[in-house]
Amino acid sequence: MELIQIIVFQFQIHQNLIFHQVYLKKEDPLKMEAIRVIKSNFYIEDCKFNDNFSIYDGGIFYVLDSYSFIAQNIEAYNSTALEKGSLIYMNSSENIKTTGYIINAVQTNSGNINKKIKGGSLIASVEGYSSLYIENFYVFSDLYSCYFSSYCIPNVSYKEITFDIGVNANMNINNSILNSIFKARSTSLITINNSDISNHFVTESIIYIDKNLYFDGHYIINNCNFNENISYYGCILNIQNLDSSGSSVEFNNSTFSKNYSMYNGGVIYSKVKSLYLYISFNNCIFDDNSCHYQGFISYSLSKSDEPFFSNIDELRKIENAFATPPVNLRFISNSLNSVSLLSGESLQNDIKFNLIDDYNNLYITFTEDIDYYSPIDVVFLSIETNDPFNTALIGQNLSYCTNNICHIPPVKIVGNPGFYNLIIRIHGSEEINKFDEVLFNFDLIINPCNDSRYINNDIENIGFKSW
């Protein structure tokens, strides 16, 4: 079928048309496909779009600086844009400020191709000074072949971004059923009302915030249901980085049920301080959310850095609902909390401890009897002394935590007699289990050697006598 292009015109389509396999392979300087709408008033209703494909923006609709755009009673099947907006790409200048409407629409199986989705936004990309209003919209997409697999990462990096809203743009979604991911740029606003976002597998989260990547827009979410979604961490909300001039997210009267994260934070995961200034949950219900490790509802830097919850006292009664990175350690009963030895002796194998978070809960580490684990799962520790000029460690000073127990390696300690501190550094590995390094100290005493009983020489050839 030939491409339809409307430029400086008023155009209406009322017939029951089917657009099938609109596909332009050659280079096109306007970078758009299917239906182009430029500086026009456009209305379309009761039409179907099947197997349409664009190598640029706008798999079905490309709307640029138009005066009005309305699409009603639309069905889109297997339509994809390799750049942005498989259903619609919309952009307008400050002097035009296009407002568009999509009403009563169904989109199925976008992105179902063996090609990399470069810019993202499988459904809509809204840029410039545009506003898009969506009402009664239903999305059904089989985007992945690796559901429920802890170690399966889709091979298309931006394929899962379904709504991408640019700087100064706005989007309003009402009464819709979605399995979608939202990324709003600086100063943009996404409002979602009376909608369901369910049964979706994502690598990051439904809402992803990172000022360093310019995903730091604003969200207002009212009366929505988030059910049975799965992600690696922070299933609904993942906050990597923001500042006082950046993003805000407000959830009102919404329900979060049976969402699951494979690592930390069943609903929320945050690496940001003072999150309560930017993120709020007002009169929200949390039911049977979970994760593999810490924080069935929320995983934050500390108790004082959590989002605002209007019912926080009630939610804290839920076991493992809230968690933080480790802030303390608890020595196990058969362990020592101080070490006294001669120069050249090794630490004992029985110095063991648990990691404790800001809620005084056990910080969970991986178990050795699982079939498979990734380095992402591992919490590592290293040991050192506070005085490297008078002490030295000989041998392996690195270890890790298993079955929720951390073991100090049996390293040999040499040095001048005196009182020191043995320092334990705790850190997660890679990005998913990463947290700020935690330091713990306990007493180390190197006793004088009895020369009448021991041969006391610089055996290790490092400047300290030992036996």
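Key figures for this structure:
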{"read-out": "For ASN168, residues with placed amide H under 5 Å, excluding near neighbours", "value": "SER188"}
{"read-out": "For VAL106, distant residues with modelled amide H under 5 Å away", "value": "ILE74, GLU75, ALA76, TYR138"}
{"read-out": "Residue-wise HN-Hα coupling along segment 246-258, computed from phi with Karplus coefficients 6.51, -1.76, 1.60 (Hz; x: Gly, Pro)", "value": "x, 5, 8, 9, 10, 9, 10, 6, 10, 10, 10, 9, 6"}
{"read-out": "20 Å Cα-Cα threshold exceeded, pairs from LYS183/LYS258; LYS183/LYS271; LYS352/LYS412; LYS271/LYS317; LYS273/LYS317", "value": "LYS183/LYS258; LYS271/LYS317; LYS273/LYS317"}
{"read-out": "For LEU362, solvent-accessible area (1.4 Å; no DNA, RNA or ligand), Å²", "value": "70 Å²"}
{"read-out": "ASP443 - accessible surface, heavy atoms, 1.4 Å probe, Å² rounded to 10", "value": "90 Å²"}
{"read-out": "Global geometry of segment 172-319, whether rounded, prolate or oblate, following the gyration tensor of its Cα atoms and the 1.5 cut on a/c", "value": "rounded"}
{"read-out": "For TYR400, residues with placed amide H under 5 Å, excluding near neighbours", "value": "LEU381, HIS407"}
{"read-out": "Residue-level accessible surface for LYS211, protein heavy atoms, 1.4 Å, Å²", "value": "60 Å²"}
{"read-out": "Between segment 278-355 and segment 178-253, the alpha-carbon center distance in angstrom", "value": "25 Å"}
{"read-out": "Using θ = phi - 60° and Karplus 6.51 cos²θ - 1.76 cosθ + 1.60, couplings along segment 41-56 (whole Hz; Gly, Pro as x)", "value": "9, 10, 9, 9, 8, 6, 10, 10, 10, 10, 6, 8, 8, 10, 7, 10"}
{"read-out": "Rounded to whole Hz, the Karplus (6.51, -1.76, 1.60) HN-Hα couplings of segment 91-97, x for glycine and proline", "value": "8, 8, 7, 5, 7, 10, 6"}
{"read-out": "GLU127, GLU314, reordered so the largest accessible area comes first (probe 1.4 Å)", "value": "GLU314, GLU127"}
{"read-out": "Per-peptide average of other Cβ atoms within 10 Å, ordering 83-90, 285-292, 49-56 highest first", "value": "83-90, 49-56, 285-292"}
{"read-out": "Sites SER338 and ASN95 - FRET efficiency at Förster radius 56 Å, r taken between beta-carbons, to 0.05", "value": "0.15"}
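The values are calculated or read from the model by the stated rules, or taken from the named source; none is laboratory data. No experiment lies behind these values; they were computed from the predicted model shown. Methodologically, a virtual Cβ is constructed for each residue, glycine included, from the backbone with ideal geometry; neighbour enumeration extends over all protein chains shown. For the accessible areas, the whole protein counts, side chains as well, though only heavy atoms, and no ligand, DNA or RNA atoms are used. Shrake-Rupley method; radii C 1.70, N 1.55, O 1.52, S 1.80 Å.
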